[in-house]
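Novice: Below is one structure. I have some questions about it.
Values in this text are rule-based calculations from the coordinates and carry no lab data. Computed from a predicted model, the values in this text were never measured in an experiment. FYI the Cβ positions are ideal-geometry reconstructions off the backbone, even for glycines, and counts take in every protein chain you see.
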Amino acid sequence: MLKGKHIIVGITGGIAAFKTATLVRLMVKAGAEVQVIMTPNAREFITPVTMSTLSGKPVISEFFTANTGQWNSHVDLGLWADAMVVAPATASTIAKMAHGVADNMLVTTYLSAKAPVFVAPAMDLDMMAHPTTQHNLDLLRSYGNHIIEPATGELASHLIGKGRMEEPENIVAVLRDFFASQRDLEGKRVLITAGPTVERIDPVRYISNFSSGKMGFALAEECAARGAQVTLVAGPVALKCHNAAITRVDVESAMQMHDAVVERFGQQDVTILCAAVADYCADNVATTKIKRDASDEAPVIRLKKNPDIARAVGQMKQPGQITVGFALETDNEHQNAVGKLERKNLDMIVLNSLRDPGAGFQTDTNRVTIIRRDGQQWDGDTKPKTEVARDIVDHIIELMKS
Ligand code: C5P
């Protein structure tokens, strides 16, 4: 899996830098091309000669190579890489990465890197547990970086706790799994609905909900990154798509979303219904602004039912097609989710409860339970929506294989 891959290994100034020699050795043995970048402090812990010998390439440390007038291009390096691994990552480098500081070659290259970035923290237990470090790690996660959690054990300070850099063999295994899973949706077509719908009452007013679209957009990016051709049918949201494999169809109302989905459903392998579709719309949309009534009489807005898109595609579904729904619940969560799974003929439902802090609308995190049609259930932790998207796609892949 690592054969021919271009990997940047960033080394920062921590005692665990000695383990990075083994890491580079393992990567090279697995067939990867490795470019080592060291921060100035890293050179105090392990020599550039060791690292350039193991990687077979001169180590880069500075923006300029002394006496040659040669500039090391962080932009070219960032484009060259299939992956970047920062190991060990000190609290200081993590903070710089989280906040966009670009004062050395390593963190500057991080900002230029288009490839996935893996961060293996190593530090003393109190630094690791400090809310600042934890917050910075959360920021890095929210930007889609992969954090390789440190292990618990004896630290260089002889204290026992969480902060030991993960063993090189395990870091290589994480990369291997990543590259194996990376294109597991190659050739597949995935349709995703996201965001709220907006139901007009008159030319200036509407009924809607608080959905931000973040979960659906994270799913679209994840599926596209794994090789799928994605169609994202989005209600009005303030989000952008990044991957060129995503075709975005912007809609406003539930009816428009229904039509856009039904028209395309036949060509899809997987359809993920993540949108918070308004259940009702105005029976009659006023063509002019509804005026305040002089007679203190409150107007009555008559509503009619919107189509249930999930149910509609559930009825159209052919063997081999997979549909996945969401259930955002406030009570009787499990029972309600299973009811929806059956009523809408879904293969899988992703349940989130508004009772869980850090779950639901607007937040950057989510906590989900995934329930499959065959009754299998999986409970996730509270994590950034980008990582929840990864978990959901992993489960869809499993479902496709079963
Ligand atoms: O019934 P409820 O709205 O709670 O179901 C939620 C699931 O159904 C979500 O997957 C949502 O995207 C989908 N849905 C839909 N069309 C609707 C209502 C919900 O596709 N009109």
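Novice: State, as an integer percentage, the relative contact order of the range 270-324 based on alpha-carbon contacts under 8 Å between residues 6 or more apart.
Specialist: Relative contact order of the range 270-324: 57 percent.
Novice: Any idea what the dipole of the chain comes to, in debye rounded to 20, about its Cα centre with Lys/Arg Cβ at +1 and Asp/Glu Cβ at -1?
Specialist: Charge dipole of the chain: 760 debye, to the nearest 20.
Novice: Take the Cα atoms of the range 189-401, build their convex hull, and give its volume per residue in Å³.
Specialist: So the per-residue Cα hull volume is 133 Å³.
Novice: Another question, then. Just rank 135, 74, fewest to most, by other beta-carbon atoms within 10 angstrom.
Specialist: Ranked by crowding around the Cβ, least crowded first: 135, 74.
Novice: Next question. May I ask you to sort 179, 64 by Cβ crowding, counting other Cβ atoms within 10 Å and putting the fewest first?
Specialist: Going from sparsest to densest Cβ surroundings: 64, 179.
Novice: If the viscosity is 1.002 mPa s and the temperature 20 °C, what Stokes-Einstein diffusion coefficient in µm²/s follows for the chain when Rh is the Kirkwood radius over Cα pairs?
Specialist: 91
Novice: I've got another one for you. Please give the Cα centre distance for the range 169-198 versus the range 207-273, rounded to the nearest Å.
Specialist: Going from one Cα centre to the other spans 16 Å.
Novice: Additional query: If you take every residue apart from residue 322 with its C-beta less than 9 Å away from the C-beta of residue 322, what net charge results, scoring Lys and Arg +1 and Asp and Glu -1?
Specialist: Local net charge: -1.
Novice: Give the angle, between 0 and 90 degrees and rounded to the nearest 10, that separates the Cα long axis of helix 168-182 from the longest principal axis of the Cα atoms of the chain.
Specialist: With both axes taken from Cα atoms, the answer is about 40 degrees.
Novice: Looking at the square roots a ≥ b ≥ c of the eigenvalues of the Cα gyration tensor of the range 6-181, which shape do they give, rounded for a/c under 1.5, prolate if a/b is larger than b/c, or oblate?
Specialist: In terms of gyration-tensor shape, rounded.
Novice: Which residue, 49, 313, 107, tops the fluctuation ranking in a GNM of the chain built on C-alpha contacts under 10 Å?
Specialist: Taking springs between Cα atoms under 10 Å, the residue moving most is 49.
Novice: About the Cα centre, and with charges only on the beta carbon of Lys, Arg (+1) and Asp, Glu (-1), how big is the dipole of the range 189-401? Nearest 20 debye, please.
Specialist: Around 400 debye, computed over the range 189-401.
Novice: Helix-only mean residue ellipticity at 222 nm, the chain, DSSP H runs n ≥ 4 weighted -39,500 (n - 2.57), per residue, nearest 500. What is it?
Specialist: The per-residue figure over the chain is -10000 deg cm²/dmol.
Novice: Find how many whole Å separate the alpha carbon centroid of the range 104-149 from the alpha carbon centroid of the range 330-360.
Specialist: 33
Novice: Given an 8 Å cut-off on Cα distances and at least 6 residues of separation, report the relative contact order of the chain as a percent.
Specialist: The normalised contact order for the chain reaches 11 percent.
Novice: Next question, about the same structure. Can you pull out the trypsin sites (Lys or Arg not before Pro) in the range 1-95 that DSSP calls coil and that have at most 14 other Cβ atoms within 10 Å?
Specialist: Answer in residue order: 3.
Novice: Could you give the dipole magnitude of the range 128-273 about its Cα centre, charging the beta-carbon of Lys and Arg +1 and that of Asp and Glu -1, in debye to the nearest 20?
Specialist: Its charge dipole is roughly 220 debye.
Novice: Would you check the range 189-401 for Lys pairs whose C-alpha atoms are within less than 27 Å, ignoring same-chain pairs closer than 8 in sequence, and give me the count?
Specialist: 29
Novice: Order of 385, 114 from fewest to most other C-beta atoms within 10 Å?
Specialist: Fewest to most other Cβ atoms nearby, the residues stand as 114, 385.
Novice: Let me ask something additional. Run through the range 93-194 and list the GluC sites (Glu not before Pro) located in a DSSP loop whose Cβ has at most 14 other Cβ atoms within 10 Å.
Specialist: Passing both the DSSP loop test and the Cβ count: 186.
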